[in-house]
Structures are given as structure tokens and as C-alpha cells.
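Read-outs throughout are calculated quantities, based only on the coordinates presented, and are distinct from any laboratory measurement. What you see is a predicted model; the values in this text were computed from it and never measured. As a convention, Cβ positions derive from the backbone with ideal geometry for all residues, glycine included, and neighbour counts pool all protein chains shown.
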Amino acid sequence: MSRTLTIDKLVDARACPRETALFREMFGDGNECTLDRCLQAAPHFDWIFASRRLLTAKQYAHFRALIVAATRQLKRVADKGGEKRRRAYAQAFFQAFNGPEE
């Protein structure tokens, strides 16, 4: 089951107006944080900001571990424009956000 991510959480985290508007355009005032939605938003959102401001300390540590592993894998493949990196960050955010809470 996916947890809900809302526009209020972004505002409370002091997301910039661009990120807030983009979130609202793509997901309305809130929606479940599903893998499909994260991947859809992958090219647009700042996943580093989101992970730092929206995840608990435990979730953020999990996100970082996933990013380190993904970075190792991506060093072996071409990633023109960073698309694969952004998708890896989106997937890591999804897994960390929906993982166990502290």
C-alpha cells in the first residue's frame, strides 16, 4: 500500500513555487505515492530536495543507501541526459517514502 503525498506536505517543507505548481499540475492536491507516479514525475522533480525535506531520518538513510547502489550500477551504463539517474532517484524516493516509519 502506498502512502499519500499532499501539496500541504510540500508547502510545509518549503518547496519552491515551481515544484509546488508542478506537483499540483501532475497530482492535484494530493495522491498516493506510487512507483508509476514517481517515475512519471522523474524528469521534473528535485528528488534530492524531496528526500531531504519529506522523508524521516530512517527513510532518508534508506533513500541514500538506494542511491549509492544505483550510482554504482549507473557508472557501468551510458546515461545521456541523466534520465536513468533521475528514474533511479524517483524509484528510491518511492521505496523510502513507502517503507517503514521510524
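Net charge dipole, the chain: roughly 620 debye, given to the nearest 20, about the Cα centre with Cβ charges of +1 for Lys and Arg and -1 for Asp and Glu.
At 222 nm, what value in deg cm²/dmol follows for the chain if DSSP H runs of at least 4 each add -39500 (n - 2.57) and the sum is divided by all its residues, to the nearest 500? Don't skip to the answer; put the middle values down first.
On the way: 6 runs with 65 residues, N = 102.
Counting only the DSSP helices, I get -19000 deg cm²/dmol.
If the viscosity is 0.890 mPa s and the temperature 25 °C, what translational diffusion coefficient in µm²/s does Stokes-Einstein give for the range 47-90 when Rh comes from Kirkwood over Cα pairs? Result for D is 224 µm²/s.
Mind checking which of C16, S51, G28 is farthest towards the positive end of the range 1-85's charge dipole, using Cβ charges of +1 (Lys, Arg) and -1 (Asp, Glu) about the Cα centre? Of the candidates, S51 comes out farthest on the positive side.
Using only the Cα atoms of the range 3-45, build the gyration tensor, take square roots of its eigenvalues as a ≥ b ≥ c, and label the shape rounded, prolate or oblate: rounded if a/c is under 1.5, else prolate if a/b is larger than b/c, else oblate. Each step should come with its number before you reach the end.
Details: a/c = 1.87, a/b = 1.26, b/c = 1.48.
It is oblate, given that a/c is not under 1.5 and a/b is not larger than b/c.
For the range 4-97, the Kirkwood estimate of the hydrodynamic radius, built from every pair of different alpha carbons, is 13.5 Å.
By how many nm would the segment from T71 to T20 grow when fully extended, if each residue of separation counts as 0.36 nm and the alpha-carbon distance is taken off? If you can, show how the numbers build up before the last one.
On the way: separation 51, 0.36 × 51 = 18.36 nm, distance 2.73 nm.
Full extension from T71 to T20 adds 15.6 nm.
Taking a straight Cα-Cα cut-off under 22 Å and skipping sequence neighbours fewer than 8 places away in the same chain, the lysines within cross-link reach of K84 are K75.
Of the peptides 57-70, 86-99, 11-24, the ranking by mean beta-carbon count within 10 Å, highest at the top, reads 86-99, 57-70, 11-24.
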